[in-house]
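A short worksheet on the structure shown next.
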Number of protein chains: 2
Amino acid sequence: MRGLLTSCLVLMLAVPVFADEGMWLPNQLPMIGQALEAAGLDTPPANFADLTGDPMGAIVSLGGCSASFVSPQGLVVTNHHCAYGTIQFNSTPENNLLENGFVARSPEDELQAAPGARVYVTLAVSDVTDEILAKVPDEADGAARFEAIENAEKELIAGCEETPGHRCRVASFHGGLQFRLYDQLEICDVRLAYAPPSSIGKYGGDIDNWMWPRHTGDFSIYRAYVGPDGLPAEPSPDNVPFQPKHWLKIGRDGVDEGDFVMVVGFPGRTNRYRLASEVDEAITWSYPRRIKRYQEMLDIIARETEGRTEAQIAYAGLISGLNNGLKNNQGMLAGFAHSKSVERKQAMEVELAAWIAADPDREARWGAAVSELESILDKQRAHRERDEALSSIKWNQLLSTTSRAYRLARENEKPNAERKMGYQERDLPRIRARIERSARTYDARVDMALLRRALERYDEVPASERVPALDNWFGLDGELETAEAIAGTLHNMYMATDLADSAGRLALLDLDRAALEASEDPFVRLAVALYPTWIEMEKVEEALDGRLLEARPRFMEALLAFETALGAEIYPDANGTLRVTFGNVIGYTPQDAVVYLPFTTAEGVAAKATGEVPFDAPQPLLDAIAAADYGPYRSEAVGSLPVCFLSDVDTTGGNSGSATLDSKGRLVGLLFDGNWESMISDWDFLTDVTRSIHADVRYMLWVMDRIDGAENLLREMGIKPSFAAGSER
Amino acid sequence: MRGLLTSCLVLMLAVPVFADEGMWLPNQLPMIGQALEAAGLDTPPANFADLTGDPMGAIVSLGGCSASFVSPQGLVVTNHHCAYGTIQFNSTPENNLLENGFVARSPEDELQAAPGARVYVTLAVSDVTDEILAKVPDEADGAARFEAIENAEKELIAGCEETPGHRCRVASFHGGLQFRLYDQLEICDVRLAYAPPSSIGKYGGDIDNWMWPRHTGDFSIYRAYVGPDGLPAEPSPDNVPFQPKHWLKIGRDGVDEGDFVMVVGFPGRTNRYRLASEVDEAITWSYPRRIKRYQEMLDIIARETEGRTEAQIAYAGLISGLNNGLKNNQGMLAGFAHSKSVERKQAMEVELAAWIAADPDREARWGAAVSELESILDKQRAHRERDEALSSIKWNQLLSTTSRAYRLARENEKPNAERKMGYQERDLPRIRARIERSARTYDARVDMALLRRALERYDEVPASERVPALDNWFGLDGELETAEAIAGTLHNMYMATDLADSAGRLALLDLDRAALEASEDPFVRLAVALYPTWIEMEKVEEALDGRLLEARPRFMEALLAFETALGAEIYPDANGTLRVTFGNVIGYTPQDAVVYLPFTTAEGVAAKATGEVPFDAPQPLLDAIAAADYGPYRSEAVGSLPVCFLSDVDTTGGNSGSATLDSKGRLVGLLFDGNWESMISDWDFLTDVTRSIHADVRYMLWVMDRIDGAENLLREMGIKPSFAAGSER
């Protein structure tokens, strides 16, 4: 299989690509040099293949967000919404940093980031496809294939993490056609150096989320610290600023309409190469189902927290997440309504099939690729109603904690290397942190009401799909009064449990199998009762996943060969690994007779101001805008101070906080959102309307300089402040 | 006073004006010829001063809407929404013309318009200021002034209407500074010749109402009929098409961005010359109060009609009107929030005061003008809470009918000429038509619930403001349980009344005073009981109005002189009389980074199509759009078939259906709406964003030609059809 792959890849090189679509691996950039040059890149593309060189050495991950070094002393710039947890964590009733913002006038003033905050510096990437596939027995079935690959990955990670301070992962590409090992330095002393108030950094809030025109100054600044020896260390006063080999230069003059931009970061997940049937399932089943479930959950939370302020605060984060998901999923369906994505996929599959059938060699290799893939997907879909109901049950805070603790105890009976991924020693801090965080996000009444509804939904699945252990526990024996049975059992469980506070839940992690099996806590007992079922279902799922790990690469191999024959260069779907996307500053036409310009201006901030959250622009900001006091940050071309801009680069969740670079690799903005029309870009990139939204570096600098007088930070970033020292704060 | 006025008017001539703002009297056009030429007019402005010439002879009023002749055989083009009542009236369950549209393939197929439909052809306008003011005694107080002017108007109208088939009115300008007599031919046999389906003519419905981008084909075609003698006649098969002296030529090639356009029609009402305090009152009191009341009414109607389909249908029109008013009033407040209208008015008043004070002559004439006006306005405002509550009570369908009938009976005791305006013989058909129409819009439960709420609101006015007759009737004696007293009385009244059906209500109009006073119907008895109060309040109001009829002209005289001194030409506020406004085809910037282009396209119709009302574009239309089958109606400049366009002409309610003319006076569209930002233009014209919305003549013709095959009508309008005879209907 590998031989074939290599020959395909050779064919792929040096072909034209669209300037906008594509989340490229850094090592692909030299191969698409012509397209980069055509778009306007003014530095050798080969520079980007050197992960420890300039500028790639400056690019970091925060785990879930992207960021970049902007000073030799470890200043890291990212989005305000990526630092939100830290800003919230450091807020007190006396000094609410979300409201007031924060400026460290010197490093001593910097604030420790929230527990678990990390800066990951990518040190090396290596192709480990051969090592991994060599471990798969020739005639392996799905289960064996899955296990062999998982074991190979664990082994590679363990070897990589032998170096202290390193965190490693194996990522699969094209559904398992390729595997790469990522070796990252894990910096765990992270501090907050600067944050604008939410009235700048989150201006427009949920209303403007996903929307253009946008006026959000979505940026904040961290500093990374390491031990005196230069190696990652737990937070300590003895630690010193991390000195990166490379940091981004600031492009104070920004970019103009039409200019080249590139975004470097860690996009989370896309599904660009899925089958038409998979897109169709997302449109007709997954998103509608999720919308319904989110709406149901929001209704339940609203009902159960009514009049209880503390419970409302506990669930504020979840509510915000559900609303965001709801808006996203609804926008997704709205986008698909006009995109003809399924039709285009179907047409492509017909062409692909014809191309395969036209050659006996191709027919022999790939003739059955699509049908094999479809048959596995059909098997997964057969249980989707049940699986969706069960996932809601498993998601319950108490049950998920006891299930995880019991699983951990069972895995702990094995040597560390043989434990399931996610339950090894390296995973313990994250499991613990998750339970710690849940201390502030739990309310028994809400937790119970959500579980009750999940059980009611489960109770609607047909007899052949049922989980006997669950039916037995809740008395779902098909008799009447199911709802009462569920409610009664749940009520007793929540009355009897000792796990209402997170200390109790954390303590579970220290118990061994015997201790847990002897527990009388109803949620522990339920977890123990359900364990064999979950394990059995996991095995079935993994066997299918193992088959997918053979079928998907085969399909992708065919698709890659086909696309290459058509002259197209191919990038892999996003999978949380380091990517580069490039394009140009460009507006779009969202609908007939409407044109969106690529830049918003400070005057637009003032025009939206109502004095009420989320349009509560601070008065000093409004005064400075009224005076048009923009100094050198004003753009002649835009005719004002640019606040945000649009480009046609290709990004998704995980890219938040990514550096936006100009043609010379200078920082000219921060990627922080996509537009409404880009929501379906996880599945389908629409050249005409898919746009990314960036905070303009000129607005960021102006806010730091004119509004906050953050002179020390500006100087450290190589910017000479332009306004008098008098901060307006 | 007249001498002074004349000298002011002389000063006003031949000064530059803005191209966009201004609803000009036709006789003003020669005086602003330079501005018209600068905007691009290509015909002598003097043409427009001849009301029976070309093109003004083609312009007609429908009473509430505007329209124009477009053929020598009396075809009249207006908006679909202006012909809506007629289309609805002719619809049957078997053939719903609102859904299907209508094409008369020959005049015999044409359908009689709804009762009361009229076409008014303006024959002459004369300045009657001197005649009217000559009747006002030198030292007349408010009441005497009001009565003298009303009597003078009645006399002029009666004289004018001696010619059969004529309908006349006296309109006051600048608050009573000038009066003009309008003599119109009243054509009362009006028939429907063409209407597109609502899925074209009302496409976008309430959602797109007031909005850009717009895709509504808002047009329909009537034909005017007269007796064989050429004079207006009641509908009859013997009638013949009216042959207007002039009709508009169709400008099939339409207009491009930047082109000159003018709109000729009958704008209803503007308040451009009100004091700052009046604008402030509208913003802080009138609109918020009205929004609250409309919302309250909508809630009551929704509650009381729940589950009762017939009642829902009966109130559909009112609901639509209330929603439209709500959207309008909310948009008004949103517009005022950023317009700084009050501040600019205040600044202007300060300047005016300084200009007046700078000259002893001016000071003597106008020094007290503003303060006198303010003092009268204050007197009116003193009772505004009570007046607003009482107006809701008077608005009740049963009580308004019995009150009107009793008032009519009282007025009938006098000779016709001495009766109150609105209760003369010439007014009877309208009073009757109104009651007839109410047959389909009445439901006792809703009517009672709305009256109950109105009474509860009245009950909140302070003791000094109360109406004893009302208090006595409803037992509002200040004791507890007011709500129950009102509910009980109302319940008994609605149980006892015979007026539930419109026949009973119509019969009231034939009863004399004695018969009505002997009636035992509770609503008649209440009307009789309240009559003295209403008359007394009317007298107080008229005395204030009489004082306003002196104070407002004095202020306007000062303002006109001041503006003239500044070099500005002045147009009077809209008052339902014939006006001309001109400007250019131009888009605008609704907010930062957003540009609205001036043309929408057929592709935009398809993009909005959802298959659901109001975006239920017909399939043949969508097919023709998909095929881009636009024939000669395609615009090269727009790159497609234009559907609607924006211009900066100055229009308001009443202008609906107005002809939009190009620089040579050809019909290039129909005015049918203003944009969201134009809502406050009744008070304040904002050059940057106030825009009018027109249906493009090319879309109108294409729909008639390509979709409906209305060859006969097109040929009559001078257009050679471009598509094969096969209609798609």
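The values are calculated or read from the model by the stated rules, or taken from the named source; none is laboratory data. No experiment lies behind these values; they were computed from the predicted model shown. Note that we place each Cβ from the backbone using ideal geometry, even for glycine, and neighbour counts take in every protein chain shown. These area figures cover heavy atoms from the full protein model, side chains too; ligands, DNA and RNA do not enter into them. Shrake-Rupley method; radii C 1.70, N 1.55, O 1.52, S 1.80 Å.
At-a-glance table
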| item | result |
| --- | --- |
| Residues that are surrounded by fewer than 21 Cβ atoms within 10 Å (Cβ to Cβ) and either part of a helix (DSSP H, G or I) or not hydroxyl-bearing (Ser, Thr, Tyr) (or both), drawn from region A:91-102 | A:Pro93, A:Glu94, A:Asn95, A:Asn96, A:Leu97, A:Leu98, A:Glu99, A:Asn100 |
| Test: residue in region B:223-235 that is among the hydrophobic types (A, V, I, L, M, F, W, C) and open to solvent by 30 Å² or more (accessible area, probe 1.4 Å) | yes |
| Members of region A:573-596 found to be in a loop (DSSP other than H, G, I, E, B), touching a residue at least 40 places away in the same chain (Cβ under 8 Å) and not polar (S, T, N, Q), listed by number | A:Asp573, A:Ala574, A:Gly576, A:Leu578, A:Ile586, A:Gly587 |
| Breaking point among (1) in a loop (DSSP other than H, G, I, E, B); (2) within 14 Å of another protein chain (Cβ to nearest Cβ), for A:Ile625 | (1) |
| Which numbered condition A:Leu476 fails, given (1) at pLDDT 90 or above; (2) open to solvent by less than 30 Å² (accessible area, probe 1.4 Å) | (1) |
| Every residue from region A:675-716 that is aliphatic (A, V, I, L, M), modelled with pLDDT of 95 or more and surrounded by 22 or more Cβ atoms within 10 Å (Cβ to Cβ) | A:Ile693, A:Ala695, A:Val697, A:Met700, A:Leu701, A:Val703, A:Met704, A:Ile707, A:Ala710, A:Leu713 |
| Number of the condition not met by B:Val350 [criteria: (1) farther than 30 Å from B:Thr690 by Cα; (2) out of contact with any helix residue (DSSP H, G or I) (no Cβ under 6 Å at 6 or more places or on another chain); (3) of a type in the set (Val, Ile, Thr)] | (1) |
| Which numbered condition A:Ala551 misses (of (1) within 14 Å of chain B (Cβ to nearest Cβ); (2) farther than 23 Å from A:Asp662 by Cβ; (3) open to solvent by less than 10 Å² (accessible area, probe 1.4 Å)) | (1) |
| Residue list for region A:192-212, filter: in a loop (DSSP other than H, G, I, E, B) and of a type in the set (Gly, Ala, Ser) | A:Gly204 |
| Those residues of region A:356-378 which are open to solvent by less than 50 Å² (accessible area, probe 1.4 Å) and either under 28 Å from A:Ser681 (Cβ atoms) or in contact with a Lys or Arg (Cβ under 8 Å, 6 or more places away or on another chain) (or both), in sequence order | A:Ile356, A:Trp366, A:Ala369, A:Val370, A:Leu373, A:Glu374, A:Ile376, A:Leu377 |
| Residue within region B:605-618 that is within 11 Å of chain A (Cβ to nearest Cβ), in a helix (DSSP H, G or I) and over 19 Å from B:Asn209 (Cα atoms) present | no |
| Unmet criterion (only one of (1) touching a Leu at 6+ places or on another chain (Cβ under 7 Å); (2) assigned to a helix (DSSP H, G or I)) for A:Leu560 | (1) |
| Failed item, numbered, when A:Pro553 is tested on (1) modelled with pLDDT under 95; (2) within 27 Å of the chain's Cα centre (by Cα) | (1) |
| Yes/no for B:Ala558 being open to solvent by less than 10 Å² (accessible area, probe 1.4 Å), within 14 Å of another protein chain (Cβ to nearest Cβ) and either within 29 Å of B:Ser68 (Cβ to Cβ) or among the aliphatic types (A, V, I, L, M) (or both) | no |
| Verdict on A:Ala568 being of a type in the set (Gly, Ala, Ser), part of a helix (DSSP H, G or I), away from chain B (no Cβ under 14 Å) and out of contact with any His (no Cβ under 8 Å at 6 or more places or on another chain) | no |
| Check on B:Asp208, in contact (Cβ under 8 Å) with a residue 40 or more places away in the chain and open to solvent by less than 10 Å² (accessible area, probe 1.4 Å) | no |
| Residues (over 14 Å from A:Ser126 (Cβ atoms) and either modelled with pLDDT under 95 or not acidic (Asp, Glu) (or both)) located in region A:153-162 | A:Lys154, A:Ala158 |
| Lone qualifier among B:Ala602, B:Ala593 - being within 14 Å of chain A (Cβ to nearest Cβ), within 23 Å of B:Met704 (Cα to Cα), of a type outside the set (Val, Ile, Thr) and open to solvent by less than 30 Å² (accessible area, probe 1.4 Å) | B:Ala602 |
| Condition check for B:Ala515: more than 14 Å from chain A (Cβ to nearest Cβ), assigned to a loop (DSSP other than H, G, I, E, B) and either out of contact with any Asp or Glu (no Cβ under 9 Å at 6 or more places or on another chain) or surrounded by 20 or more Cβ atoms within 10 Å (Cβ to Cβ) (or both) | no |
| Matching entry among A:Gly653, A:Gly631, A:Gly657 (being open to solvent by less than 30 Å² (accessible area, probe 1.4 Å) and either more than 14 Å from chain B (Cβ to nearest Cβ) or not aromatic (Phe, Trp, Tyr) (or both)) | A:Gly657 |
| Failed item in (1) of a type outside the set (Asp, Glu); (2) open to solvent by 60 Å² or more (accessible area, probe 1.4 Å); (3) under 27 Å from the mean Cα position of the chain (by Cα); (4) over 17 Å from B:Phe219 (Cα atoms), with B:Leu36 passing the rest | (2) |
| Test: residue in region A:528-536 that is without any contact (Cβ under 8 Å) to a residue 60 or more places away in the chain and either small (Gly, Ala, Ser) or open to solvent by less than 80 Å² (accessible area, probe 1.4 Å) (or both) | yes |
| Close pairs (6 angstrom Cβ cut-off, 6 or more residues apart or separate chains): in contact (Cβ under 8 Å) with a residue 40 or more places away in the chain in region A:449-466, part of a loop (DSSP other than H, G, I, E, B) and open to solvent by less than 60 Å² (accessible area, probe 1.4 Å) anywhere | A:Leu451/A:Asn396 |
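Quick grid of which residues meet (1) away from every other protein chain (no Cβ under 14 Å); (2) touching a helix residue (DSSP H, G or I) at 6+ places or on another chain (Cβ under 8 Å); (3) open to solvent by 10 Å² or more (accessible area, probe 1.4 Å):
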residue	(1), (2), (3)
A:Tyr203	no, yes, no
A:Pro237	yes, no, yes
A:Lys245	yes, yes, yes
A:Lys249	yes, no, yes
A:Gly254	yes, yes, yes
A:Glu257	no, no, yes
A:Phe266	yes, no, yes
A:Arg269	yes, yes, yes
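For every residue, the table says whether it meets (1) free of Cβ contacts under 8 Å to residues at least 40 places away in the same chain; (2) assigned to a loop (DSSP other than H, G, I, E, B); (3) within 14 Å of another protein chain (Cβ to nearest Cβ).
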position	(1), (2), (3)
A:Asp130	no, no, no
A:Glu150	no, no, no
A:Cys168	yes, no, no
A:Ala171	no, no, no
A:Leu185	no, no, no
A:Arg214	no, yes, yes
A:Pro232	no, yes, no
